[in-house]
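Since the structure comes first, as structure tokens, the remarks are kept for the end.
The numbers here are math on the coordinates, done by the rules we state, and not lab data. The model shown is predicted, which means the values in this text are computed figures rather than measured ones. A quick note on method: Cβ atoms are made from the backbone with ideal geometry, for glycine too, and the neighbour counts reach across all protein chains shown.
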Amino acid sequence: MKLWGGRFEKSTDKKVDDFHSSIAFDARLYRQDIKGSIAHAKMLAACGIISGEEGDAIVKGLESILDDIDKGKIEFSKEAEDIHMNIESLLIEKIGDVGKKLHTGRSRNDQVALDIRMYLKDEIDEISSLIATLQRVLLNMAKEHQHTLMPGYTHLQPAQPITLAHHLMAYFQMFKRDWQRFRDCRKRTDIMPLGSGALAGTTYPLNRNYVADMLDFSDITDNSLDGVSDRDFALEFLSCCSILMMHLSRFCEEIILWATKEFDFIELDDGFSTGSSIMPQKKNPDVAELIRGKTGRVYGNLISLLTVMKSLPLAYNKDMQEDKEPVFDAVDTVKKCVAIFTDMVKTTKFKKDNMKAACLDGFLNATDAADYLVGKGIPFRRAHEITGRLVLYCIKNNKDLQQLSLDEYKTFCQAFDKDIYDHIDIKNCVYQRKIQGGPSPQAVAQAIKKGEEFLQSIQG
Ligand code: ARG
């Protein structure tokens, strides 16, 4: 018979058992469920709601079930519906009637809310540390490439020269915000809902703070309706995952571009590329492409749960059982993607000469030529126009700005002098951008230092 079978005259249709059972996926929560139950049982005993011996028997029973599950000795049953009732049934089977006291003052509604919060807190910790590892790799690479010149782009058109370190540190900033976002989401996940009951709390004098302390929560929920029906923290988690994946997908896109024959900025490690079954020459950036693709999957998980939650009346509704698969899938996907991405970038070789050569093609120093004229007292808008005409002249004559003679320069503006060549030297274009947050090695060194401090502050 079902744990809730009392008011029923007929057993559940087999198709319904199959349809509403969540054990196939929520079995993943067994550890949290058992730990939560142990804390609940200890609290029931401490508050005199059950006796000390009863509490001990329940705790022992739960511990041995945890051990059995860890050792793969337990096969869950679909008829028992979900992880909560599976474990409760196993407990009753193991320790007899006293096991029936565990659920006193509790509902699966607050129980599942507790389990998923506990689960997410741990996963957020793991994901944060994977992000920090990726940041460490980027920071170390940036240190090595403070003088590696490369083109910076807007509209994917060559724009101004930068350094590879500056480009890598841009991603460092994105992942720093991702890390912070996950930590922020963790604060709102770290609230203990047990005691909310099914929706309206309970008449038993439970000590909710005691449970929160035992389970290492920093606070308890303030409203029982909200305690069982809030999934904002899961949505926030999925939003954090989506933004993180968006950042990874941008980096992957660049890696894919840089690995093309046309760009030829990088050589991916053989261990992180794949071949073609028909074209023997191919070396494809499949890992980067797959991460880019999996971004869609993670967005899907966010949209899926947002849609499940939309318009749901208070308090618990069974719709909410649909929160788990998107969350679990996002956890698995994000962890795999961050870890493999980290290894992929770490093993990537940068073709410095090609990157530098690309800076010489495409008038990346045109802004600096205009700035040069500003230095000679010409208003910027006018300097911009003169330089634009210079560039057009170069395009028509198949030259670049460095190759023009001073006479040619002077026909466009008398203010040009021989120091123009130094001023528009690609390396100088970068080195002159000393502004805080800019690409000069000096400014990037500051950013690296700040990044180093950040990593030290989070890793202790
Ligand atoms: N398996 C359920 C879920 O994940 C647990 C809560 C069930 N509560 C209920 N009233 N049916 O949401």
Could you give the radius of gyration (one decimal) and Dmax (whole number) of the Cα atoms in the range 386-442, in Å? 13.2, 38
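Is there a pair in Lys42/Lys324; Lys410/Lys434; Lys282/Lys335; Lys294/Lys336; Lys261/Lys349 whose C-alpha atoms are over 19 Å apart, and which pairs would that be? Let's see the in-between values first.
Details: Lys42/Lys324 28 Å; Lys410/Lys434 29 Å; Lys282/Lys335 28 Å; Lys294/Lys336 10 Å; Lys261/Lys349 15 Å.
Cα-Cα > 19 Å for Lys42/Lys324; Lys410/Lys434; Lys282/Lys335; rest within.
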Using the alpha-carbon centroid of each, what span in Å lies between the range 213-238 and the range 72-100? 26
Check: the chain dipole with +1 on Lys, Arg Cβ and -1 on Asp, Glu Cβ, in debye: 1240
Cα long-axis angle, helix 83-95 against the chain (0 to 90 degrees, to the nearest 10): 40
Ordering 154-163, 111-120 by per-residue average of other C-beta atoms within 10 angstrom, highest first, gives 111-120, 154-163
Nearest-ten-degree value, helix 286-309 long axis tilted from longest Cα axis of the chain: 50
Considering amide H positions built from the backbone, and no H for Pro or chain starts, which residues 5 or more places from Gly152, or on another chain, come under 5 Å of its amide H? Ala159, Gln160, Ile162
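GluC sites (Glu not before Pro) within the range 61-113: which are DSSP loop residues with at most 10 other Cβ atoms inside 10 Å?
On the way: sites: Glu63, Glu75, Glu79, Glu81, Glu88, Glu93; in loops: Glu75, Glu79, Glu81.
Of the GluC sites (Glu not before Pro), the ones in loops of the range 61-113 whose Cβ has at most 10 other Cβ atoms within 10 Å are Glu75.
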Set of aspartates and glutamates near Lys187 by C-alpha distance (under 14 Å), chain-local residues within fewer than 8 positions excluded: Asp122, Glu123, Asp125, Asp216, Asp219, Asp232, Glu236
Cα-based equivalent ellipsoid, the chain: semi-axes from gyration tensor eigenvalues, Å: 61, 23, 19
Working from Cα positions, state the angle (0 to 90°, nearest 10) between the long axis of helix 30-46 and the longest principal axis of the chain. 50
In whole Hz, what ³J(HN,Hα) sequence does the range 113-128 give by Karplus (6.51, -1.76, 1.60; θ = phi - 60°), x for Gly and Pro? 5, 5, 4, 6, 5, 4, 4, 5, 4, 5, 5, 4, 4, 5, 5, 4
In order through the range 263-280: 3J(HN,Hα) via Karplus (6.51 cos²θ - 1.76 cosθ + 1.60), integer Hz, x for Gly, Pro: 7, 6, 8, 9, 10, 6, 5, 4, x, 10, 9, 9, x, 10, 6, 10, 9, x
Let me check I've understood the local charge: for Tyr204, count other residues with C-beta under 13 angstrom from its C-beta, Lys and Arg +1, Asp and Glu -1. What total comes out? +2
Can you give me the long-range amide H partners of Ser21? Hydrogens built in the peptide plane at 1.01 Å from N, cutoff under 5 Å, separation of 5 or more residues or another chain. none
